[in-house]
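Inspection log for the structure reproduced underneath, given as structure tokens.
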Amino acid sequence: MRIAITSQNFRTITGHAGKTRRFLVYEVESGTEPREIERLDLPKEMSMHEFHGDGPHPLDSADAVVTLSAGAGFIRRMAARGITAMTTSETDPAAAARAVAEGRLAPAMPGLGGDHVCSCSH
């Protein structure tokens, strides 16, 4: 399973997935430790907030995206690309990747992202 995690600082999970341009990408197999396989540092026009093309996107190889916060538009756009978007209160990227693989990712705490209402037009 390939999991992209929003991380503007490449250390912790960060929020507002639609505008995020930096992602840590993990490969995770059940029963094994997550392995970071890639770091995406996208130009502004490739953030999901700005990207409106029908063509390929660097996140397309992911099975899931994990973030602290995401608007309904981001979640909908990921689903249309076959990617599950998840919000969490976990801040450690490797721990989150492991939890996704094990089906036990802690959901976002109220006010931290799962209830984020975005006024963006994405």
Q. Per the Debye formula with a single identical scatterer at each Cα and no solvent contribution, what log10 I(q)/I(0) holds for region 2-101 at q = 0.11 Å⁻¹?
A. -0.27
Q) In debye, nearest 20: dipole of the chain around its Cα centre with unit charges on the Cβ of K, R (+) and D, E (-)? A) 260
Q: Give a residue-ordered list of calculated ³J(HN,Hα) values for region 48-63 (Karplus: 6.51 cos²θ - 1.76 cosθ + 1.60, θ = phi - 60°; whole Hz; x for Gly, Pro).
A: 5, 5, 9, 6, 10, x, 8, x, x, 9, x, 7, 4, 7, 7, 8
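Go through 63-71, 39-47, 22-30, 92-100 and give me the packing order, highest mean Cβ count within 10 Å leading.
Values: 63-71: 24.1, 39-47: 13.4, 22-30: 19.0, 92-100: 20.8.
Highest mean packing first, the order is 63-71, 92-100, 22-30, 39-47.
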Q | Cβ-based net charge around ARG21, under 12 Å, with every Lys or Arg adding one and every Asp or Glu removing one | A | +1
**Q.** Per-residue Cβ neighbour rank within 10 angstrom, fewest leading, PHE74, PHE10, PHE51
**A.** PHE10, PHE51, PHE74
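Pull up the DSSP beta bridges for the chain and report the antiparallel fraction as a percent, rounded to 5.
Details: 12 of 19 bridges.
Among the beta bridges of the chain, antiparallel pairing accounts for roughly 65 percent.
Every read-out reported here was derived from the displayed coordinates using simple, explicitly stated rules and does not represent laboratory data. All figures in this text were calculated on a predicted structure; none of them were measured in a lab. Cβ: placed from backbone, ideal geometry, glycine included. Neighbour counts: every protein chain shown.
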